[in-house]
1. Suppose we filter the range 92-105 for residues that are assigned to a strand (DSSP E or B), more than 18 Å from Ala127 (Cβ to Cβ) and open to solvent by less than 10 Å² (accessible area, probe 1.4 Å); how many remain?
2. Could you check the range 107-127 and list, in sequence order, the residues that are more than 21 Å from Glu90 (Cα to Cα), within 13 Å of the chain's Cα centre (by Cα) and either open to solvent by less than 40 Å² (accessible area, probe 1.4 Å) or acidic (Asp, Glu) (or both)?
3. Take the conditions surrounded by fewer than 21 Cβ atoms within 10 Å (Cβ to Cβ), part of a strand (DSSP E or B) and at pLDDT 95 or above and apply them to His239. Does it pass?
4. Could you check how many residues of the range 12-52 are modelled with pLDDT under 95 and either of a type in the set (Phe, Trp, Tyr) or at positive phi (or both)?
5. Looking at the range 120-136, can you tell me whether even one residue there is assigned to a strand (DSSP E or B), within 26 Å of Asp57 (Cβ to Cβ), in the same structural domain as Pro172 (by the TED database) and not small (Gly, Ala, Ser)?
6. Is it the case that some residue within the range 83-102 is over 24 Å from Thr251 (Cα atoms) and of a type in the set (A, V, I, L, M, F, W, C)?
7. Consider the range 14-46. How many of its residues are open to solvent by 20 Å² or more (accessible area, probe 1.4 Å) and among the small types (Gly, Ala, Ser)?
Amino acid sequence: MRDTLGTTTEGPAVLRSVLLDRHGAVEGEGPDAGVAAHYGDPLREQRLLTEGLAVVDLSHRGVVTVTGPDRLSWLHSITSQHLTGLPARESREALVLSPKGHVEHDLHLVDDGETTWITTEPGQSAALAAWLDSMRFMLRVEVADVTSEWAVLGEPSAAESQPGEPLAWRDPWPDLVGDTAAYGPVDGHPAHGRAWREVLVPRTALADAVGDRDLAGTWASEALRVEAWRPRLGFDTDHRTIAHEVDWLRTAVHLHKGCYRGQETVARVHNLGRPPRRLVFLHLDGSGHTLPERGAAVLSGDRQVGHLTSVARHFEDGPIGLALVKRNTPVDDDLVVDGVSASQTVVVAP
């Protein structure tokens, strides 16, 4: 059975995954429409994921390819990451910034030696491919949006994909835990982060790629993302976000490469200033039965200091979230989110 193309009243057409036909599947909403939010037991699905016994259907993510002999040097020149000479099957995270340094796209990128594969947030592949195509000029590169042909599966894995295995993007976060060259060190969390990869499979072979493994929904993968302090474009970012605010200097920005669009802002804030906001991890009071909604105001006393950007119920830690707060918010302030008490853990140092 092939994926079918459905339309929503709130946005462009979305691809409906064949895995939604699996027993117990409940479709996600908003950006995660088209794939399962859960299969009946989100907390159990989290446990299976952490044990490496399940995979997540991320086939709603966009997939863009760049081919041609100039592809890596060209991408190096227009994104925040060092990509020249990238070895085959090694992964990078890169950002496309506006001229003023605001984050426009988050690229999960891996090269197979002939083609650079990029996965994007759902609904972003067409815009990214169009922008990349507009930047080609006379270089020997070709850009294609192949989302209708290729799909993504998410799973915990610390290993690079090897020849003969499916190509996969590996989250660089575990390699960088404790790296004080980034904007904020991760003190006291030697095992923090997530060993995670996104496996690329032909869309027509999505069900076969899963096989008889258990499936987990996006509620489970989102809880593990939040627990690992990993920002998500469109959730923990807005039109004003700069990389420093959400700890993307650690994984998605190379601070010693040459000029690219938005680089002036990156260098100026890193060397001379401070970001106006900072990402924090929140432990939310779990005595209630409901979670605050994304976008809820974060209060310190009677003063609003930020807003909740991501929220989840973790199978061990209970209710957790990420929030963007004003930089000068004291790190020991007790916060309140929609009437729910919250304690903060520093992600980006103030």
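1. Qualifying residue count for the region: 1.
2. Within the range 107-127, Pro122 is the sole residue that qualifies.
3. In short, no.
4. Of the residues in that region, 1 qualify.
5. Yes, because at least one residue in the range 120-136 is assigned to a strand (DSSP E or B), within 26 Å of Asp57 (Cβ to Cβ), in the same structural domain as Pro172 (by the TED database) and not small (Gly, Ala, Ser).
6. Checking the range 83-102: not a single residue is over 24 Å from Thr251 (Cα atoms) and of a type in the set (A, V, I, L, M, F, W, C).
7. Within the range 14-46, residues that are open to solvent by 20 Å² or more (accessible area, probe 1.4 Å) and among the small types (Gly, Ala, Ser) number 4.
The values are calculated or read from the model by the stated rules, or taken from the named source; none is laboratory data. As the structure is a prediction and not an experimental result, all values here were calculated from the model. Neighbour counts are summed over all protein chains in view; Cβ atoms, including those assigned to glycine, are modelled from backbone coordinates with ideal geometry. The accessibility values were calculated without ligands, DNA or RNA, using every heavy atom of the protein model including side chains. Shrake-Rupley method; radii C 1.70, N 1.55, O 1.52, S 1.80 Å.
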